[in-house]
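Only the coordinates and a few stated rules stand behind these numbers; no lab work does. The structure presented is a predicted model; accordingly, all values stated were derived computationally and were not measured. Here the Cβ positions follow ideal geometry from the backbone for every residue, glycine too, while neighbour counts run over all protein chains shown.
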Amino acid sequence: MELDNLLKEERRSASSLLILANKQDIKGSLTLEEISKVLNLEAMDKTRHWNIVGCRAYTGEGLLEGFDWLVQDVASQIYVLD
């Protein structure tokens with residue numbers, strides 16, 4: 001509910017949302033699909049750009065993929081605004 005309220009603020013209307021799902025190597029951790037359902041991401045405004053990336057902060061696995069997506073997404077929005 002808090003995430004939904006934050007993202008509804010006008011100043012965040014064009015913000016990209018990257019969720020780094022840490023500890024994906026631990027048995028019993030939520031899958032990316034389960035995280036999406038719990039956060040109700042599919043119900044968000046269809047113009048909102050979001051992505052969930054599984055990661056392991058200890059090894060760095062998945063972090064580069066997530067940040068690459070974020071940089072590309074922000075860059076694409078800046079290009080569209082020009």
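Could you tell me how many cubic angstrom of Cα convex hull volume the chain has per residue?
Working: hull volume 8.0 nm³, N = 82.
Dividing the Cα hull volume of the chain by its residue count gives 97 Å³.
Given the peptides 15-24, 51-60, arrange them by the average over their residues of other C-beta atoms within 10 Å, most packed first. Please list the in-between numbers first.
Numbers: 15-24: 16.6, 51-60: 15.1.
Those peptides, ordered most packed to least, come out 15-24, 51-60.
What is the local net charge at Thr59, summed over the other residues whose Cβ is closer than 12 Å to its Cβ (Lys, Arg +1; Asp, Glu -1)?
Working: positive: Lys23, Arg56; negative: Asp25, Glu61.
Neighbour charge sum, excluding Thr59 itself: 0.
Taking Cα centroids, how far is the range 12-50 from the range 53-82 in Å?
13
Based solely on its DSSP helices, what 222 nm [θ] is calculated for the chain when runs of n ≥ 4 H residues each add -39,500 (n - 2.57) and the sum is averaged over all residues, nearest 500 deg cm²/dmol?
Working: 3 runs with 33 residues, N = 82.
Rounded to the nearest 500, the figure is -12000 deg cm²/dmol.
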